[in-house]
Structures are given as C-alpha cells and as structure tokens.
Amino acid sequence: MLQPILDECWEPLRQAATAALDCAYAPYSNFRVGAAARLADGSIVSGCNVENASYGLSLCAECTMVGAARMNGGGLITEFYCVDAQGGILMPCGRCRQLLYEFSTADTRLMTTSGVKSMAEVLPDAFGPQDLTRIELERP
Ligand code: THU
C-alpha cells in the first residue's frame, strides 16, 4: 500500500535525474551525476555536473539544477534525488547540501543511500538566511 505512494513521489525524480545524466560533461572525473528536485508548485527540475579544465571550477549537478530551478520560476524544493552514472542513489556533497538548504523547508525530503531524510538530517545546524537576519538584528 505504501510502496505505490512512494513510487509516485520518487520515481519521476529518479527518472528526471537519470535522464539528466545524458547532459553531464565529466571528461576529467569520468563520473557523471544527475540531480532532480520537485518544487513547491509540483514542477520537476534537473541538473547535471559540468566540469572544467580548471578542475576546481567544475559545477556539481545540484549547482546546475538550482540554476535551472531559478530559471523556471524558482520555488522551494519539496523532494530531491541524485544519481550516479549507474543510476544508484548519490549523496549530495557538503557544498551541495548547503546549496539545497537555501531552497529547502523543514518538510523537504531527500532520497539518500540510507532512506528518505530531511534536510536537517543531512545538514544539521545549517548556516542559512536565518543567520544573516539574526546578525542584522543584533547589529547596534
Ligand atoms: N558531483 C556532483 O555533481 N554532485 C555531488 O554532490 C558530488 C560530486 C560531481 C562533481 C564532479 O564533477 C564529479 O561528481 C566527481 O566528483
């Protein structure tokens, strides 16, 4: 009973993330990544990693996905799914957890290698917009 509901939620994201792999540009690491998210309005956005000859400038799949989200009207992320070239679930790197956090809520869910998790579980005590507000309020 629960499985069809789970599939309805996650399967479109898994498919979008897997499709995004085809756009990946990863000649240096040879490690293609696809990411997808559902936004609050129900739309799905995706992204792929785009590497660079100046290795450190490479963009993670989450990076281009967040850009795509903004270019398609923006909105908060309700669910997120990331895959490697074999279609296996991939954990977002630390920097990308921070990127995702910016557009997440307490209800945002991520598919992880250890099941569905909240943003707070994958990035506890996150620094975010709320901290900037606090600093501003505390300024004399
Ligand atoms: N990569 C991502 O796209 N997302 C992650 O969360 C982890 C790493 C990419 C960056 C690089 O192009 C390749 O994977 C190998 O690190």
Fully extended contour minus Cα-Cα distance, from SER29 to THR113, at 0.36 nm per residue: 28.1 nm
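Would you mind counting up the charge near ALA17? Only other residues with Cβ under 12 Å from its Cβ, with Lys and Arg at +1 and Asp and Glu at -1. Let's see the in-between values first.
Working: positive: ARG14, ARG32, ARG38; negative: GLU11, ASP22, GLU62, GLU79, ASP84.
Taking every other residue near ALA17 into account, the sum is -2.
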Size descriptor, Kirkwood hydrodynamic radius, that averages inverse alpha-carbon separations across segment 44-89, Å: 11.6 Å
Put a dot 7 Å past each Cα toward the Cβ at GLU121 and ALA19; how far apart are the dots in nm? 2.8 nm
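Would you kindly calculate the translational diffusion coefficient of segment 2-73, applying Stokes-Einstein with the Kirkwood radius from alpha carbon pairs, for 10 °C and a viscosity of 1.306 mPa s, and quote it in µm² s⁻¹ without decimals? It would help to have the intermediate numbers written out before the result.
On the way: Rh = 12.7 Å.
Using the Kirkwood radius from Cα pairs, D works out to 125 µm²/s.
Go through segment 47-140 and name the chymotrypsin sites (Phe, Trp or Tyr not before Pro) that are in a DSSP coil and have 13 or fewer other Cβ atoms within 10 Å of their Cβ.
When the chymotrypsin sites (Phe, Trp or Tyr not before Pro) of segment 47-140 are filtered for loop state and at most 13 Cβ neighbours within 10 Å, PHE127 remain.
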Rg [Å, one decimal], Dmax [Å, integer] - segment 41-140, C-alpha atoms: 14.8, 54
Would you mind telling me the share, in percent, of accessible area of the chain contributed by carbon and sulfur at probe 1.4 angstrom? 57 percent
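The values are calculated or read from the model by the stated rules, or taken from the named source; none is laboratory data. What you are looking at is a predicted structure, and each value in this text was computed from that prediction instead of being measured. All Cβ positions, even for glycine, are placed from backbone atoms using ideal geometry, and neighbour counts span all protein chains on display. We work out accessible area using only protein heavy atoms, side chains counted, and drop any ligands, DNA or RNA first. Shrake-Rupley method; radii C 1.70, N 1.55, O 1.52, S 1.80 Å.
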